[in-house]
1. Being crowded, with 17+ Cβ neighbours inside 10 Å, free of Cβ contacts under 8 Å to residues at least 40 places away in the same chain and part of a helix (DSSP H, G or I) is the filter here, so list the residues in the range 166-181 that pass it.
2. Do we have residue 348 as in a strand (DSSP E or B) and either at pLDDT below 95 or loosely packed, with under 15 Cβ neighbours inside 10 Å (or both) here?
3. Hey, can you tell me all the residues within the range 121-152 that are buried (at least 24 other Cβ atoms within 10 Å of the Cβ) and either without any contact (Cβ under 8 Å) to a residue 40 or more places away in the chain or in a loop (DSSP other than H, G, I, E, B) (or both)?
4. Going by the structure shown, is residue 117 under 27 Å from residue 263 (Cβ atoms) and assigned to a helix (DSSP H, G or I)?
5. Looking only at the range 298-312, which residues are crowded, with 17+ Cβ neighbours inside 10 Å and either without any contact (Cβ under 8 Å) to a residue 24 or more places away in the chain or in a loop (DSSP other than H, G, I, E, B) (or both)?
6. State all residues of the range 217-238 that are surrounded by fewer than 16 Cβ atoms within 10 Å (Cβ to Cβ) and either in a helix (DSSP H, G or I) or touching a residue at least 40 places away in the same chain (Cβ under 8 Å) (or both); if no residue qualifies, say none.
7. Only one of these is in contact with a helix residue (DSSP H, G or I) (Cβ under 8 Å, 6 or more places away or on another chain) and either surrounded by fewer than 17 Cβ atoms within 10 Å (Cβ to Cβ) or over 16 Å from residue 351 (Cα atoms) (or both): 89, 15. Name it.
């Protein structure tokens with residue numbers, strides 16, 4: 001059997017830490033359950049991160065469907081910073097207590113993946129960026145991981161089911177296995193070219209058996225203008241300086257009239273390595289860094305009980321708004337009763353929007369492609385070093 005939870009397991013409240021189950025039962029038995037308001041926020045972000053991208057909201061909406069509670073949330077894909085509330089949930093505590101564990105799980109990992117993808121997107125600029133990391137995680141998670149990667153800015157994903165979920169074509173090249181089974185990169189490329197439909201890019205893997213430069217040149221001579229790119233996935237034991245290898249391959253291709261052939265790099269990449277290779281690479285396949293991205297360490301805290309501000313020590317109690325000025329763009333966390341005007345005098349907007357009301361969905365859930373455009377628009381004003 002596969003060791004995975006089913007949707008019914010999650011909806012039934014069985015995927016929870018046992019103390020929530022016991023607490024809900026105790027409160028019901030003693031008649032002590034009360035309406036509460038809780039908020040989700042990350043006190044800190046992974047090291048070096050000044051911002052993060054919220055993902056997992058669509059699944060939170062599914063989790064909240066039918067719950068006698070109301071959820072307010074930042075729109076999925078919104079860039080947020082440490083300390084800002086991203087979601088609130090309000091209702092009788094015993095009715096939703098067991099869902100704290102899955103709710104946080106849905107947000108923490110998806111947001112981590114989307115954020116790392118967004119960081120790689122900024123590093124890569126306009127170059128191609130493909131999610132290659134499904135093989136590093138449990139296969140049951142592949143659609144969630146690749147949706148989050150796409151939302152965060154990847155141009156494509158490799159897994160068939162993930163691409164179907166997103167409504168896009170899966171992206172990929174020929175594997176090392178084809179070269180090994182056929183006996184050579186050029187021979188494999190010829191067979192691949194003959195077998196693949198016209199719309200599939202012709203990308204030759206050029207590091208399986210021979211020198212990258214020699215295989216790249218052989219591929220370019222074999223397919224000519226029909227060769228879209230070569231991919232370098234050189235193992236670490238043979239890599240040396242990847243930037244120098246790329247420079248050499250680029251030089252030799254250009255010298256022989258193959259300037260149209262793009263250079264795609266994969267294998268152990270993250271945003272720092274992407275920045276180092278940008279001078280020569282035209283695109284990247286990023287795997288482990290995205291699929292195994294640091295999670296965003298969200299916590300859920302009660303901040304109001306039966307209408308009274310109340311929370312644990314070290315937290316700020318009371319109902320809050322995340323206000324953004326429409327004129328200067330300034331953002332601040334404020335009590336819900338605070339004036340809506342910004343210090344510059346302009347009106348502000350509360351970014352926390354209704355997602356569900358007593359278990360009924362009241363917000364639009366945009367398709368991933370539109371969420372991706374929303375993320376990219378925000379990233380245009382950000383850098384990797386922004387605080």
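The values are calculated or read from the model by the stated rules, or taken from the named source; none is laboratory data. These figures come from a predicted structure and were not determined experimentally. Ideal geometry is used to build each Cβ from the backbone, glycine not excepted, and the neighbour counts take in all protein chains shown.
1. Within the range 166-181, 178, 179 meet the criteria.
2. When the stated conditions are applied, residue 348 passes them.
3. Passing the criteria: 132, 133, 146, 152.
4. Against the criterion (under 27 Å from residue 263 (Cβ atoms) and assigned to a helix (DSSP H, G or I)), residue 117 qualifies.
5. Within the range 298-312, 298, 311 meet the criteria.
6. Correct list: 221, 224, 225, 226, 236, 237, 238.
7. 15
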